[in-house]
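What follows is one structure encoded as structure tokens, with my remarks underneath.
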Amino acid sequence: MLIFHNPVHHLHQGRHEMFRGRLVPCHEVPDRLDHVLAELQRRPLGVLQTPGEVSIAELERIHSRRYLDFLAGAWDEWVALDPANADIDALPSVWPTRSFRHDVLPDNFAARMGLFSFDAGTPLTAGTWTAARAGAACAIMAARELAAGIANGDGTRHAFALSRPPGHHAGADFFGGYCFLNNAALAVQTLLDRGLQRVAVLDVDYHHGNGTQSIFYERNDVLTVSLHGDPRTEYPFFLGHADERGAGAGLGYNLNFPLPRGTGFPAWNKALQSGLDAIRRFDAQALVVSLGVDTFEGDPISGFALRTVDYLQVGQAIAAANLPTAFVFEGGYAVAEVGVNVVNVLEGFGA
Ligand code: Q9C
Ligand code: ZN
């Protein structure tokens, strides 16, 4: 397995997220990725590489120009408001909701933070843009290698983009859920741009991949499948219901498996099998897996009960789809166990 890791991920280092009216320490910390790297030292699964630069034009295949421009300049704008802001994370605090029908770009920075986000749990920091861009490059490079491998017939069939910040909550023009650039969506688009016709996304993170769903909702070249905590009770709350099946040309190309809090491996695995069946029926040529391990029983912010050993079976099940596969790291906040759980998936996969 070819592994692209983000060498500047630690430049994105949020201090606080808003939770129940208080600023609490961030769950999405650099240590998470370092634990995966440490586990890959103990159980090497392939060559570790760092990505080169990717162009803004490649990011624009998924994200809007004005969102990317905003992200690129946001930190400098934040500090320009007050030099003391250099020691504080930027968080949004005002949002347009249903009755705000225009999206004229406001001059006010706080207003633009709100226009381009959906929660106050996702701090933007000095190094966020640099780290997120390098992370997107990991996903794009992984997809490029896969596309080349598919074209050659005997080249790379599996790759892993090991990066943070994560991506699946980020939409074409919004951040949230600790995500800024949708790494998985960028990997999918790269595969399509390099000649594939049908790509499937399997999102196994605890939280619904609202960004990925919204990006591909009206398209029939991408099947999006997500297993997640029921949005009636679980973040991100406003998307991820079972009746969201896609729209327009994309009708039938989005599949959600909302599961109740407390779901253990047997029921979760049943949903996984149904999702994989749909991917088979779709006749996908490649698979992008949004690999969050916040389904773990010990995860501090999630509610499923998967055990460390179960992740070996998760990998085996995904391997049975027998598709060229790019794994993209997403959530997982039981920091000390994240490495073992992620590498178990990859080992089970037979990487
Ligand atoms: N007190 C990913 O797993 N906050 N994002 C939940 C926690 C948002 C998770 C509240 C969780 C976002 C990529
Ligand atoms: Zn998650």
Just checking, how many residues over region 107-120 are surrounded by 10 or more Cβ atoms within 10 Å (Cβ to Cβ) and either within 16 Å of ligand 2 (Cβ to nearest atom) or over 19 Å from Gly171 (Cβ atoms) (or both)?
-> 5
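Give the number of residues within region 108-138 that are hydrophobic (A, V, I, L, M, F, W, C), closer than 15 Å to Phe70 by Cβ and either within 16 Å of ligand 1 (Cβ to nearest atom) or touching a Cys at 6+ places or on another chain (Cβ under 6 Å) (or both). If you could, list the steps in order and put the result at the bottom.
The first filter runs over region 108-138 and keeps only residues hydrophobic (A, V, I, L, M, F, W, C), leaving 109-111, 113, 115-116, 118, 120, 124, 126, 129, 131-132, 134, 136-138.
Keeping just the survivors that are closer than 15 Å to Phe70 by Cβ gives 109-111, 113, 115-116, 118, 124, 129, 132.
This time we only want the ones that are either within 16 Å of ligand 1 (Cβ to nearest atom) or touching a Cys at 6+ places or on another chain (Cβ under 6 Å) (or both), so: 118, 124, 132.
The total comes to 3.
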Check region 190-197 and report whether any residue there is among the small types (Gly, Ala, Ser), surrounded by fewer than 24 Cβ atoms within 10 Å (Cβ to Cβ) and either more than 16 Å from ligand 1 (Cβ to nearest atom) or not in a loop (DSSP other than H, G, I, E, B) (or both).
-> yes
Qualifying position, being more than 17 Å from Leu33 (Cα to Cα) and within 16 Å of ligand 1 (Cβ to nearest atom), among Ser302, Ser274, Ser290 = Ser302
Gly177 passes all but one of (1) touching a residue at least 60 places away in the same chain (Cβ under 8 Å); (2) more than 19 Å from Glu58 (Cβ to Cβ); which number fails?
-> (1)
Out of the residues in region 205-224 that are in contact with a Leu (Cβ under 8 Å, 6 or more places away or on another chain) and over 16 Å from Ala284 (Cβ atoms), state the one that is surrounded by the fewest Cβ atoms within 10 Å (Cβ to Cβ).
-> Ser214
Among the residues of region 42-57, is any surrounded by 12 or more Cβ atoms within 10 Å (Cβ to Cβ) and in contact with a Ser or Thr (Cβ under 8 Å, 6 or more places away or on another chain)?
-> no
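Of the residues Thr125, Thr212, which is of a type outside the set (D, E, K, R) and more than 20 Å from His12 (Cα to Cα)? Even if it seems obvious, please write down each step before you answer.
Working: Thr125 fails: more than 20 Å from His12 (Cα to Cα).
Sole residue among the options that is of a type outside the set (D, E, K, R) and more than 20 Å from His12 (Cα to Cα): Thr212.
Can you spot a residue in region 111-128 that is of a type in the set (Gly, Ala, Ser), in a helix (DSSP H, G or I) and in contact (Cβ under 8 Å) with a residue 40 or more places away in the chain? Reasoning before the result, please.
Restricting attention to region 111-128, the residues satisfying the condition of being of a type in the set (Gly, Ala, Ser) are 111, 114, 117, 120-121, 126-127.
The next check asks that each one be in a helix (DSSP H, G or I); those that pass are 111, 114.
Of the ones still in play, those that are also in contact (Cβ under 8 Å) with a residue 40 or more places away in the chain are none.
No, every residue in region 111-128 fails to be of a type in the set (Gly, Ala, Ser), in a helix (DSSP H, G or I) and in contact (Cβ under 8 Å) with a residue 40 or more places away in the chain.
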Restricted to region 265-319, and to residues that are within 16 Å of Asn341 (Cα to Cα) and among the hydroxyl-bearing types (Ser, Thr, Tyr), which residue is nearest to the chain's Cα centre (by Cα)?
-> Ser290
Considering every residue within region 219-242, establish whether at least one is more than 16 Å from ligand 2 (Cβ to nearest atom), within 19 Å of the chain's Cα centre (by Cα), closer than 23 Å to Ser163 by Cβ and touching a residue at least 40 places away in the same chain (Cβ under 8 Å).
-> no
For region 243-260, state whether one or more residues are within 14 Å of ligand 2 (Cβ to nearest atom) and under 23 Å from His12 (Cβ atoms).
-> no
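Could you pull out the residue among Arg98, Arg42, Arg65, Arg22 that is at pLDDT below 95 and either more than 24 Å from Gly177 (Cβ to Cβ) or out of contact with any His (no Cβ under 6 Å at 6 or more places or on another chain) (or both)? Full working, then the answer.
Numbers: Arg42 fails: at pLDDT below 95; Arg65 fails: at pLDDT below 95; Arg22 fails: at pLDDT below 95.
Only one candidate qualifies: Arg98.
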Could you tell me whether any residue of region 154-166 is polar (S, T, N, Q), part of a helix (DSSP H, G or I) and more than 16 Å from ligand 1 (Cβ to nearest atom)?
-> no
Within region 125-135, tally of residues that are surrounded by fewer than 24 Cβ atoms within 10 Å (Cβ to Cβ) and aliphatic (A, V, I, L, M) = 1
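Condition check ((1) surrounded by 24 or more Cβ atoms within 10 Å (Cβ to Cβ); (2) aromatic (Phe, Trp, Tyr); (3) more than 16 Å from ligand 2 (Cβ to nearest atom); (4) under 11 Å from the mean Cα position of the chain (by Cα)) across all residues:
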site	(1), (2), (3), (4)
Ala137	yes, no, yes, no
Glu145	no, no, yes, no
Ile150	no, no, yes, no
Gly167	yes, no, no, yes
Gly177	yes, no, no, yes
Ala187	yes, no, yes, yes
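So, in region 299-349, of the ones that are within 16 Å of ligand 2 (Cβ to nearest atom) and of a type in the set (S, T, N, Q), which residue ends up surrounded by the most Cβ atoms within 10 Å (Cβ to Cβ)? Reasoning before the result, please.
Our first condition is that a residue be within 16 Å of ligand 2 (Cβ to nearest atom); within region 299-349, this holds for 299-306, 311, 314, 327-335, 337-338, 341-342, 345.
From the residues that got through so far, the ones that are of a type in the set (S, T, N, Q) too are 302, 341.
Working: Ser302: 26, Asn341: 29.
That would be Asn341.
The values are calculated or read from the model by the stated rules, or taken from the named source; none is laboratory data. Because the structure is a prediction, the values reported are computed rather than measured. Cβ sites come from the backbone with ideal geometry, for glycine too, and all protein chains shown count toward neighbours.
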